[in-house]
Amino acid sequence: MSVMSVLTDRVLAPALPQETIRQHRAEIRADVLRRSRYIKEPNFTAIHPSDVELLFDAYDHRFFAGCCKPELKERPLRFGVSSRLTVSGGVTKRIRSRVSGDVRFEIVIAGGMLFDSFRDPAHRVTVCGLECADRLEALQRIFEHELIHLIEHLCWDSSNCARTRFQEIATRVFLHREHTHNLLTRREMAAKAGIRRGSQVSFEFDGRRLTGHVARITKRATVLVPDPEGARYTDGKNYRAYYVPINALR
Ligand SMILES: [Zn+2]
């Protein structure tokens with residue numbers, strides 16, 4: 001017989017009334033706005049890893065009676081904000097050191113996508129199937145999703161948001177309806193600016209203006225410029241690849 005941890009018990013407990021869930025969230029929102037040195041308004045323009053830690057403490061306290069932290073059992077949990085996440089709203093990792101076998105955890109939030117979104121009022125943002133009125137709401141939804149990943153790692157050593165267990169927890173604990181978001185991705189931003197794969201673009205490089213076509217869009221666009229000394233590509237021509245910030249392209 002296996003002994004379930006206090007956290008597992010808690011996570012599998014019957015749902016709180018929806019009103020209580022909404023109230024907890026509202027209190028956490030107020031908490032963040034009051035305590036964060038960076039998030040001073042709902043459409044904040046700066047965020048720091050310490051804000052993700054603040055969210056962790058607040059959610060652990062209000063939704064899990066402080067059971068998450070002890071379940072880490074001294075294993076480090078690092079918080080981050082990244083502008084390099086261009087598709088996921090966040091990422092939670094369980095990292096095992098190949099040398100010592102020690103396990104640590106990491107929760108990283110896609111800051112760049114939060115800032116790219118909520119600029120155009122016509123673009124309605126939904127995260128986890130719930131419409132978000134501002135960046136702070138989107139941040140909370142993303143964090144809730146990542147927190148369930150962490151909890152699954154702590155309780156079951158694996159986590160997958162495409163699976164039933166995850167989605168059942170997300171719905172019961174946080175009223176999530178989906179496990180996806182429609183935050184503005186770099187690809188969509190580029191598309192809005194009329195830049196897509198295959199687009200002819202020009203950009204400034206070393207004082208020269210180069211022209212080529214877009215091969216790939218991530219955080220930057222990969223532009224292939226014809227160059228006899230460049231690598232040979234599948235179309236039989238030679239190109240040199242440049243990685244150019246999207247807003248530097250014309
Ligand atoms: Zn996920």
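Taking the conditions (1) within 12 Å of the chain's Cα centre (by Cα); (2) more than 16 Å from the ligand (Cβ to nearest atom); (3) surrounded by fewer than 22 Cβ atoms within 10 Å (Cβ to Cβ) in turn, residue 111 satisfies each one other than (3).
When residues in the stretch 129-142 are screened for being within 21 Å of residue 79 (Cα to Cα) and crowded, with 21+ Cβ neighbours inside 10 Å, 7 of them pass.
Evaluation of residue 195 against the conditions (1) crowded, with 20+ Cβ neighbours inside 10 Å; (2) within 16 Å of the ligand (Cβ to nearest atom); (3) not polar (S, T, N, Q) shows that the sole unmet condition is (2). Selection of the stretch 170-189 for residues being surrounded by fewer than 18 Cβ atoms within 10 Å (Cβ to Cβ), in contact (Cβ under 8 Å) with a residue 40 or more places away in the chain and in a helix (DSSP H, G or I) yields only 172. Here no helices (runs of 4 or more DSSP H) wholly within the stretch 25-124 include at least 2 residues being of a type in the set (Phe, Trp, Tyr) and on the phi > 0 side of the Ramachandran plot. Residues in the stretch 153-168 that are surrounded by fewer than 22 Cβ atoms within 10 Å (Cβ to Cβ) and not in a loop (DSSP other than H, G, I, E, B) were compared, and the one that is nearest to the ligand (Cβ to nearest atom) is 166.
Taking each residue of the stretch 98-110 that is outside the structural domain of residue 54 (by TED's automatic domain parsing) and looking for partners that are surrounded by 15 or more Cβ atoms within 10 Å (Cβ to Cβ) with beta-carbon atoms closer than 9 Å, six or more apart or interchain, yields nothing.
Evaluation of residue 98 against the conditions (1) within 16 Å of the ligand (Cβ to nearest atom); (2) farther than 30 Å from residue 245 by Cα shows that the sole unmet condition is (1).
The values are calculated or read from the model by the stated rules, or taken from the named source; none is laboratory data. All values derive from a computational prediction rather than experimental measurement. Note: ideal-geometry Cβ built from the backbone for every residue, glycine included; neighbour counts use all protein chains shown.
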